[in-house]
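**Student:** Below are the structure tokens for one structure; questions will follow.
The values are calculated or read from the model by the stated rules, or taken from the named source; none is laboratory data. Quick caveat: nothing in here was measured; it's all calculated off a predicted structure. Positions of Cβ are generated from backbone atoms using ideal geometry, with glycine treated the same way; all protein chains shown enter the neighbour counts.
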Amino acid sequence: MFLSIIVPCYKEADNIELLYNTITNTLKNEPFTYEIIFINDGSPDNTLEKIKTLSHQNDVKFISFSRNFGKEAAMLAGLKSAHGEVAVIMDADLQHPPHYIPTLIKYYHQGYDQVVLKRNRNGEHLFRKLPTQLYYKLINNSVDINLTDGEGDFRLISRKVINAILSLNEYNRFSKGIFEWVGFNKITIPFENVERAHGKSSFNLFKLIDYAVDGILSFNDKPLRLCFYFGGVTLFISLLYIMITFIQILRHGIDTPGYFTLISSILFLGGVQLFSLGIIGEYIGKIYYETKQRPHFIIEETNIVKNNQQSGNDDEH
Ligand code: UDP
Ligand code: MG
């Protein structure tokens, strides 16, 4: 059996060697062979140099992007280049401990196509923990697929799943959703949350909010439907209000003090309209990016020999 380990790296210079040593130590007595594919996602530090010093080992491959394209693009590039019968995707910061790999393989041999590690949120800031929990409640009520808190990108996927994922060529990639959407036989095993080895997380609050919005918008058009219903209800209430006021005018004549109702209805309707426009705008933005058909990433340098490797838009599958 041949395993591909895919590691997206952004500003991970201090972690690369540590991760590499941990992986090789863990896997040295295992009965399978493997390759490690590091994807340098346009890091400004010397992540690439660190990867290159390892790449004379023939189990180390690398792909280096021309700029930062994001973790989703990095994972996609890794999956496209993976030769393995199975792939394991893991972070470079050792938050995804390599000693789980043999366990993942064990489950694969039991017939699972996706073996997912689900982390708990011990030791995480309350201000990240609470909104996340709330978010998953919200998203699972609105999206057709079921997303679970703590299930991230740390997982083993079989060749069947890799090919299924590669067949989705959408530009806006929300991999958490994509993994769920493709389906296949899946098992989830828990693991303890660990702190990152060196450096700090690239995902700040705004990036996380972006990610959360993407999660909702990438998988259905229910928010548009919501606008429709909300608009309908507001229209109905407004009509009712107009009728009542009109009847009152007929019965008692016009009485001037109406400032509060006037201002509140203008503000309320304005708010509803802007919000709905915003949602529609988000979808149009997504359509805009999809229609451009741009590649997901541009490769500047790689040691993987393969034809047609220049971009994420290759039609090799
Ligand atoms: N990462 C990446 N491109 C980016 C941001 C992050 O490839 O633009 C990688 C990063 O090097 C790490 C993984 O994605 O291997 C997770 O990132 P991070 O640890 O910053 O996120 P967190 O663990 O806090 O969710
Ligand atoms: Mg991390």
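**Student:** So, in region 211-227, how many residues would count as being closer than 29 Å to residue 163 by Cα and away from ligand 2 (no atom under 16 Å from the Cβ)? First the steps, then the outcome.
**Tutor:** Looking only at region 211-227, we keep the residues that are closer than 29 Å to residue 163 by Cα, and these are 211-222.
From the residues that got through so far, the ones that are away from ligand 2 (no atom under 16 Å from the Cβ) too are 212-222.
Qualifying residue count, region 211-227: 11.
**Student:** Could you check region 147-174 and list, in sequence order, the residues that are within 13 Å of the chain's Cα centre (by Cα), among the hydroxyl-bearing types (Ser, Thr, Tyr) and surrounded by 17 or more Cβ atoms within 10 Å (Cβ to Cβ)?
**Tutor:** If the condition is that a residue be within 13 Å of the chain's Cα centre (by Cα), among the hydroxyl-bearing types (Ser, Thr, Tyr) and surrounded by 17 or more Cβ atoms within 10 Å (Cβ to Cβ), then 171 is the only one that fits.
**Student:** Could you check residue 149 against (1) touching a strand residue (DSSP E or B) at 6+ places or on another chain (Cβ under 9 Å); (2) among the acidic types (Asp, Glu); (3) over 30 Å from residue 289 (Cα atoms) and say which number it fails?
**Tutor:** (3)
**Student:** Same structure, new question: Is it the case that some residue within region 150-158 is within 22 Å of residue 83 (Cβ to Cβ) and among the aliphatic types (A, V, I, L, M)? Outline the logic, then answer.
**Tutor:** Step one: list which residues in region 150-158 are within 22 Å of residue 83 (Cβ to Cβ), which gives 153-158.
Now drop any that are not among the aliphatic types (A, V, I, L, M), which leaves 156-157.
Checking region 150-158: at least one residue is within 22 Å of residue 83 (Cβ to Cβ) and among the aliphatic types (A, V, I, L, M).
**Student:** So, of the residues in region 39-82 that are of a type in the set (Val, Ile, Thr) and within 16 Å of ligand 2 (Cβ to nearest atom), which turns out to be modelled with the highest pLDDT? Reasoning before the result, please.
**Tutor:** Filtering region 39-82 for residues of a type in the set (Val, Ile, Thr) gives 39, 47, 51, 53, 60, 63.
Applying the additional criterion that residues be within 16 Å of ligand 2 (Cβ to nearest atom) yields 39, 47.
Details: 39: 95, 47: 91.
Checked region 39-82; the qualifying residue modelled with the highest pLDDT is 39.
**Student:** Would you be able to say whether some residue in region 215-223 is in contact (Cβ under 8 Å) with a residue 12 or more places away in the chain, loosely packed, with under 15 Cβ neighbours inside 10 Å and closer than 30 Å to residue 264 by Cβ? First the steps, then the outcome.
**Tutor:** Our first condition is that a residue be in contact (Cβ under 8 Å) with a residue 12 or more places away in the chain; within region 215-223, this holds for 215-223.
Going one step further and asking which of them are loosely packed, with under 15 Cβ neighbours inside 10 Å, we end up with 220-222.
Okay, now just the ones that are also closer than 30 Å to residue 264 by Cβ, so 222.
Yes.
**Student:** Separate question: Name the residues in region 21-56 that are among the polar types (S, T, N, Q) and touching a Phe, Trp or Tyr at 6+ places or on another chain (Cβ under 8 Å), would you?
**Tutor:** The initial filter retains those residues of region 21-56 that are among the polar types (S, T, N, Q), namely 21-22, 24-26, 29, 33, 40, 43, 46-47, 53, 55.
Selection gives 33, 40, 43, 47, 55.
**Student:** Another question, then. Can you tell me which residue within region 70-95, out of those that are in contact with a Leu (Cβ under 7 Å, 6 or more places away or on another chain) and in a loop (DSSP other than H, G, I, E, B), is nearest to ligand 1 (Cβ to nearest atom)? Before the answer, list the steps.
**Tutor:** Just the residues of region 70-95 that are in contact with a Leu (Cβ under 7 Å, 6 or more places away or on another chain), to begin with: 79-80, 84, 86-88, 92, 94.
Okay, now just the ones that are also in a loop (DSSP other than H, G, I, E, B), so 84, 92, 94.
Numbers: 84: 19, 92: 4, 94: 9 Å.
If we take residues in region 70-95 being in contact with a Leu (Cβ under 7 Å, 6 or more places away or on another chain) and in a loop (DSSP other than H, G, I, E, B), then 92 is nearest to ligand 1 (Cβ to nearest atom).
**Student:** How many of the residues making up region 83-111 are farther than 10 Å from residue 154 by Cβ and more than 16 Å from ligand 2 (Cβ to nearest atom)? If you could, list the steps in order and put the result at the bottom.
**Tutor:** Filtering region 83-111 for residues farther than 10 Å from residue 154 by Cβ gives 83-87, 92-94, 98-99, 101-103, 105-111.
Keeping just the survivors that are more than 16 Å from ligand 2 (Cβ to nearest atom) gives 83-87, 99, 101-103, 105-111.
The total comes to 16.
**Student:** Further question: Tell me the residue from 256, 234, 291, 261 that is exposed (fewer than 10 other Cβ atoms within 10 Å of the Cβ), modelled with pLDDT under 85 and among the hydroxyl-bearing types (Ser, Thr, Tyr), please. Even if it seems obvious, please write down each step before you answer.
**Tutor:** Working: 234 fails: exposed (fewer than 10 other Cβ atoms within 10 Å of the Cβ); 291 fails: modelled with pLDDT under 85; 261 fails: exposed (fewer than 10 other Cβ atoms within 10 Å of the Cβ).
Answer to the selection: 256.
**Student:** So which pairs qualify, if the first residue must be in region 178-206 and within 27 Å of residue 127 (Cβ to Cβ), the second must be part of a strand (DSSP E or B) and within 12 Å of ligand 1 (Cβ to nearest atom), the Cβ gap must be under 6 Å, and the two must be at least 6 apart or on different chains?
**Tutor:** Pairs found: 191/119; 193/119.
**Student:** Shifting gears a bit: Can you name the number of the only condition in (1) within 13 Å of ligand 1 (Cβ to nearest atom); (2) over 19 Å from residue 48 (Cα atoms); (3) of a type in the set (Ser, Thr, Tyr) that residue 64 fails?
**Tutor:** Checking residue 64 against (1) within 13 Å of ligand 1 (Cβ to nearest atom); (2) over 19 Å from residue 48 (Cα atoms); (3) of a type in the set (Ser, Thr, Tyr), the one that fails is (2).
**Student:** Can you name the residue in region 177-210 that is among the basic types (Lys, Arg) and within 15 Å of ligand 2 (Cβ to nearest atom) and is also surrounded by the most Cβ atoms within 10 Å (Cβ to Cβ) among such residues? So that I can check it myself, show each step before the final result.
**Tutor:** Going through region 177-210, the residues among the basic types (Lys, Arg) turn out to be 186, 196, 200, 207.
Cutting the leftovers down to within 15 Å of ligand 2 (Cβ to nearest atom) gives us 196, 200, 207.
Numbers: 196: 14, 200: 9, 207: 12.
Checking each candidate, the answer is 196.
**Student:** Still on this structure, please answer the following. Does residue 114 satisfy being in contact (Cβ under 8 Å) with a residue 12 or more places away in the chain, over 14 Å from the mean Cα position of the chain (by Cα) and either surrounded by fewer than 14 Cβ atoms within 10 Å (Cβ to Cβ) or within 16 Å of ligand 2 (Cβ to nearest atom) (or both)?
**Tutor:** Numbers: in contact (Cβ under 8 Å) with a residue 12 or more places away in the chain: yes; over 14 Å from the mean Cα position of the chain (by Cα): yes; either surrounded by fewer than 14 Cβ atoms within 10 Å (Cβ to Cβ) or within 16 Å of ligand 2 (Cβ to nearest atom) (or both): no.
Taking the combined requirement at face value, the residue does not satisfy it.
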